[in-house]
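Data block below; observations after.
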Amino acid sequence: MFMGQYNYTVDAKGRVFVPSRFREALGDRFVATMGLDGCLFLYPNEQWEKFAEQLRTLPGTKEARQLQRYFFAGAAELEMDKQGRILLPANLRERTALERDVIFVGVLDKIELWSEERWKSNTLEDMDEAAEKMAQQGLAF
């Protein structure tokens with residue numbers, strides 16, 4: 001399980017160090033894809049396969065096809081080097097504004113990679129309201 005928040009910097013070549021706490025669970029090769037809310041999702045291969053299977057079994061609706069295209073067209077297999085860095089593909093960096101200061105956020109079975117600016121502007125201001133809605137869905141705090 002991934003959890004925690006870590007600040008890093010993307011270098012001029014588009015490389016960034018992966019937090020040491022995430023490296024082993026992520027593995028040397030893993031999948032990055034467009035996430036939601038303007039971030040990237042980083043999946044260990046096993047979790048990516050589970051997610052892909054969920055997308056594969058969606059009904060043939062327009063919305064399902066759009067989701068499949070969104071996650072698969074934006075997907076790339078990444079490889080970590082011996083120093084623990086990854087090269088972020090230019091198209092994914094551009095679409096998620098990952099230019100310099102970034103934040104890795106552990107979220108259960110995946111990692112979200114945010115530009116620091118988007119992370120600061122995208123957090124929920126009223127967590128009480130969100131928690132109330134989730135409590136109606138059965139989540140206990």
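The values are calculated or read from the model by the stated rules, or taken from the named source; none is laboratory data. The shown structure was predicted, so the numbers you read here are calculated from the model rather than taken from an experiment. Note that each Cβ is placed from the backbone with ideal geometry, even for glycine, and that neighbours are counted across all protein chains shown. Please note that ligands, DNA and RNA were not included when accessible areas were found on the heavy atoms of the full protein model with its side chains. Shrake-Rupley method; radii C 1.70, N 1.55, O 1.52, S 1.80 Å.
Brief remarks follow.
- Computed about its Cα centre, the charge dipole of the chain is approximately 540 debye, with only Lys, Arg, Asp and Glu carrying charge at their Cβ.
- Whole-Hz couplings from phi, Karplus 6.51/-1.76/1.60, listed for the stretch 105-116; x for Gly and Pro: 10, x, 9, 6, 9, 8, 10, 9, 10, 10, 6, 4
- Built amide H within the under 5 Å cut-off of Lys110, gap 5+: Phe2
- Mean separation of Cα pairs under 8 Å and 6 or more residues apart, divided by the residue count, gives the chain a relative contact order of 36 percent.
- In order along the stretch 51-56, phi translates into HN-Hα couplings of 5, 4, 5, 4, 5, 5 Hz, rounded to whole numbers, per the Karplus curve 6.51 cos²θ - 1.76 cosθ + 1.60 with θ = phi - 60° and x for Gly and Pro.
- Over all other residues within a Cβ to Cβ distance under 15 Å of Glu99, the charged ones net out to +2, with Lys and Arg as +1 and Asp and Glu as -1.
- Taking only protein heavy atoms and a 1.4 Å probe, the accessible area of the chain is 49% carbon and sulfur.
- Low-density loop cleavage sites - GluC sites (Glu not before Pro) in the stretch 66-122, where at most 14 other Cβ are within 10 Å (DSSP): Glu99
- Top positive-direction residue, dipole computed over the stretch 33-105 with Cβ charges, set Ile103, Ala64, Cys39: Ala64
- Accessible area per residue in Å² at 1.4 Å probe, computed on the chain: 65
- Rounded to the nearest 500, the helix-only mean residue ellipticity at 222 nm of the chain stands at -11000 deg cm²/dmol, with each DSSP H run of n ≥ 4 adding -39,500 (n - 2.57).
- Relative contact order (percent, whole number), the stretch 25-88, Cα cutoff 8 Å, 6+ residue spacing: 41
- Loop-located trypsin sites (Lys or Arg not before Pro) across the stretch 36-139 with a Cβ neighbour count of 11 or fewer within 10 Å are Lys82, with loop assigned by DSSP.
- The residue list Ala90, Phe141, Phe2 was ranked by how far each Cα lies along the charge dipole of the chain toward its positive end, using unit charges on Cβ atoms, and Ala90 comes out on top.
- Take every Cα pair under 8 Å whose residues are at least 6 apart in sequence, average their separation, divide by the length of the stretch 77-123, and the relative contact order is 24 percent.
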